[in-house]
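*Asks:* Can you read through this structure? Questions will come right after.
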Amino acid sequence: MPPTYSITTFRFDAAANAFVKQSADRELGPAEVLLKTTHSGICYTDVHAKQSGKRCGLGHEGVGTVVRAGPAVADLKLGQRVGWGWLHHVRPRLPTRCSLLTGIQSCGSCDCCVDGYRQYCADACGFAFGELDQGAMGDYAIRSRPFVYPIPDDVPSELAAPLMCAGASTYEALTAAETRPSDRVGVVGVGGLGHMAILFARAWGCGVTALSGDESKREDARKLGADEFLQLGSLRGGRPDGASPVNVLLLCSNGIPDLALLLPVLARRARIVFMTIQQEPVQIPYLPFILPGHRIISSTEASRKSYVEMLRFVGRHKIAPWIQTFPMTETGVVDAFKTLEEGKMRYRGVLVAQE
């Protein structure tokens, strides 16, 4: 019989309007690892999960240490630091002999999986869509080995937590846009995701233009590495004099802004990367979009390759997300969510487990 462990996570009880701790038993599969959580990032996806009514375990930017590994896991050591992100596993349409024996759950046969883009597999299962009894805001987690990423020695755990979502997503977006060091990258929204995009694009060797509706973000954007700042309201008359044309535009704000404002800022044949999660449709000015040869790319979750490369990239360039830390207690969780929902987080929140 596989060993069973009790996992306790913070959840949001809508009826009580409060965060509560709840425990659930979980078996450790042959290709899974039991992790002692030390840090959990918090991003707006956690707010969406809190408001979903699913009462799921919260947190999807986890960092911890390996406590126990299943018999099919041979490359991780006890006590080793690892991280995990939004994507939990890929559900097989039908259990295969391999998945039953090893516990490795991956369709493995669709074009996305074969090409290394398992995050786009139709059977991909992410945070708040499956494994609802688990979350990074808790004491332990059990994760499938292919969805766990060793943390390099030169990346501190408190800085690694936001890399498990914002960092990986940003690296994936820059990669998907085939960003070159000669490009100028525009980042719309200087927030949790956008500040990471500025840090990464600068380390990439690119010129960086930060775009925000909040003039007070100008100085932070400069400190992060942006060499140009455009206030969105100033774009109503077209591209301001002296503003450099943008080759890659990352949309990192909470909602997609009016694209009619942004298109004049772009260089010819620019790549626009949609990273924002929203339900509302987006209007695109047709001729101003197609005549210059622009492209739209969607990018949300990262591939395994991007996770591994991103962590190496962060260590090499000494990239440090701007974080605020909170204790992983009921009071700390309340304060972290309140800070985030009020728009006061600068710029990623990290919950730290208490001894």
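*Asks:* Of the options Gly255, Ser298, Ala270, report the single residue whose Cα projects farthest towards the positive end of the charge dipole of the stretch 178-298 (beta-carbon charges: Lys, Arg +1; Asp, Glu -1).
*Replies:* Positive-most Cα among the choices belongs to Ala270.
*Asks:* Under a Cβ-Cβ cut-off of 14 Å, what is the net charge of the residues other than Ala14 that fall near it, where Lys and Arg count +1 and Asp and Glu count -1?
*Replies:* +3
*Asks:* Amide H to amide H under 5 Å from Phe326: which residues, 5+ apart in sequence or cross-chain, H placed 1.01 Å off N in plane?
*Replies:* Residues meeting the amide H criterion: Val350, Leu351, Val352.
*Asks:* Springs between alpha-carbon atoms under 10 Å, Gaussian network over the chain: tell me which of Gly108, Gly126, Gly237 tops the mean-square fluctuations.
*Replies:* Highest fluctuation of the listed residues: Gly237.
*Asks:* State the answer as a single residue: which of Ser212, Thr331, Ala226 lies farthest towards the positive end of the charge dipole of the stretch 209-355, with beta carbon charges of +1 for Lys and Arg and -1 for Asp and Glu, about the Cα centre.
*Replies:* It is Ala226, whose Cα lies furthest towards the positive end.
*Asks:* Which of Tyr347, Thr4, Ser169 sits farthest toward the positive end of the charge dipole of the chain, with +1 on the Cβ of Lys and Arg and -1 on the Cβ of Asp and Glu?
*Replies:* Working it through, the farthest residue towards the positive pole turns out to be Ser169.
*Asks:* With each label point set 7 Å from Cα along the Cα-Cβ vector, what nm distance links Ala18 and Arg269?
*Replies:* Each label point lies 7 Å from its Cα, and together they span 6.1 nm.
*Asks:* Could I ask something else about it? Suppose every Lys and Arg Cβ carries +1 and every Asp and Glu Cβ carries -1, with no other charges. What dipole size does the chain come out with about its Cα centre, to the nearest 20 debye?
*Replies:* So the dipole magnitude of the chain works out to roughly 580 debye.
*Asks:* Quote the charge dipole size of the stretch 178-298 about the Cα centre in Debye, to the nearest 20; the model charges only the Cβ of Lys and Arg (+1) and of Asp and Glu (-1).
*Replies:* 340 debye
*Asks:* Taking the alpha-carbon centroid of each part, what is the distance from the stretch 1-28 to the stretch 310-346 in angstrom?
*Replies:* Value for the Cα centre distance between the two parts: 23 Å.
Every read-out reported here was derived from the displayed coordinates using simple, explicitly stated rules and does not represent laboratory data. Everything quoted here is computed from the prediction, not taken from an experiment. Please note: Cβ atoms are built from the backbone with ideal geometry, for glycine as well, and neighbour counts cover all protein chains shown.
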